[in-house]
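Input: a single structure, listed below in structure tokens.
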Amino acid sequence: MRLIFLRHGQTDDNTVLRISTEPPGPSLNAVGREQASLAGERLASAVGVRAVYSSPLRRAVETAEIVASIAGCKVLTAEELAECRAGSAEGQLHQEIDAEIRRTWKRWLRGDLDHPFSPNGESARSAAARVTNLLGRLSRPDPGDKAFVLVGHGTLFRLAIPTFCPNVTPEFVRSRWLENGEYVEVSMIDGVGHCLSWHGESPSARTESGV
């Protein structure tokens, strides 16, 4: 099963690094709509798209609709693709709580997945488990090479993908982000994933080189 984990296009909140995890959330801006179009064209020509699943947040749905219109398929909403809930950090700017965010990511990448985003936010384990549950629902005999495109969020994908792709290590994730409109390509076989490309970079090649 081929999977594309596509981060939604840019919003005005992204440009100021405002935390937005609750629905409905902001809409795409003009740059975000262009990013979605470019991703859709690239995926339709290079990968082929079987279906598009989207987080329920508005920016993801709008991205998914643009991609699906280019690929000629439908959009299905998947609650499992919603962003990791920020709790009391909702609406704050990154620079306002930068130290807290750094401490949280440090704990997550060291394996403390039960640590919440904020005191009343969602844990990494809970967010990652949602994605794993969705993959279980998608798993089926593969009639061809076309991919499922899963449109979601940067924090969610950085947390979830290492839990089912052994070649994506915490060290790799620590130094890699997903910008708006970027995607990760994964091959799933018998419930185990292999990351083929993290926006054009092979995690396996990076690991093997010792970088």
For this session: With a/c under 1.5 counting as rounded, go ahead and sort segment 91-137 into rounded, prolate or oblate using the C-alpha gyration tensor (a ≥ b ≥ c being the square roots of the eigenvalues; past the cut-off, prolate if a/b is larger than b/c, else oblate).
Result: prolate
Exercise. Separation of segment 53-99 and segment 106-131 by C-alpha centroid, Å?
Worked result: 18 Å
Exercise. From the square roots a ≥ b ≥ c of the eigenvalues of the alpha-carbon gyration tensor of segment 1-41, which class results: rounded (a/c under 1.5), prolate (a/b over b/c), or oblate?
Worked result: oblate
Exercise. When the Karplus curve 6.51 cos²θ - 1.76 cosθ + 1.60 is applied with θ = phi - 60°, which whole-Hz ³J(HN,Hα) does each residue of segment 171-185 get, with x for Gly and Pro?
Worked result: 5, 5, 5, 4, 9, 10, 10, 10, 6, 4, x, 8, 9, 10, 9
Exercise. For segment 62-168, what is Rg from Cα atoms divided by 2.2 N^0.38 Å, rounded to two decimals?
Worked result: 1.22
Seminar exercise, completed: Per the helix-only model, the chain has a calculated mean residue ellipticity at 222 nm (DSSP H runs of ≥4, -39500 (n - 2.57) each, divided over all residues, rounded to the nearest 500) of -12000 deg cm²/dmol
Exercise. Highest mean first, what order results for 34-41, 68-75, 190-197, 1-8 on Cβ atoms within 10 Å?
Worked result: 1-8, 34-41, 68-75, 190-197
Exercise. Over segment 1-107, what is the relative contact order in whole percent, taking alpha-carbon pairs under 8 Å and six or more residues apart?
Worked result: 31 percent
For this session: Name the long-range amide H neighbours of residue 9: under 5 Å, sequence gap of 5 or more, or other chain; modelled H, no Pro or chain starts.
Result: 63, 181
For this session: Order these peptides, 25-33, 43-51, by their mean beta-carbon neighbour count within 10 angstrom, highest first.
Result: 25-33, 43-51
For this session: Averaging sequence separations of C-alpha pairs under 8 Å and six or more residues apart, then dividing by the length of segment 4-48, give the relative contact order as a whole percent.
Result: 42 percent
Problem set entry | Average accessible surface area per residue within segment 1-108, 1.4 Å rolling probe, Å² | 45 Å²
Exercise. Summing +1 for each Lys or Arg and -1 for each Asp or Glu, what net charge is found among the other residues whose Cβ lies under 13 Å from the Cβ of residue 31?
Worked result: -3
Exercise. Just the Cα atoms of the chain, one point each, no solvent: what log10 I(q)/I(0) does Debye give at q = 0.13 Å⁻¹?
Worked result: -0.69
For this session: With the full set of protein chains in place, find how many percent of the accessible area of segment 1-134 is carbon and sulfur; take the probe as 1.4 Å.
Result: 49 percent
For this session: Convert each backbone phi in segment 60-65 into a coupling constant with the Karplus relation 6.51 cos²θ - 1.76 cosθ + 1.60 (shift: θ = phi - 60°), then list the ³J(HN,Hα) values in order as whole Hz, x for Gly and Pro.
Result: 6, 4, 5, 4, 4, 5
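The values are calculated or read from the model by the stated rules, or taken from the named source; none is laboratory data. Only a predicted model underlies this, so the values are computations on that prediction, with no experimental measurement involved. When we count neighbours, we look across all protein chains shown, and the Cβ atoms used for this are built from the backbone with ideal geometry, even at glycine. To get the accessible areas, we keep the full protein, side chains included, count just its heavy atoms, and leave off ligands, DNA and RNA. Shrake-Rupley method; radii C 1.70, N 1.55, O 1.52, S 1.80 Å.
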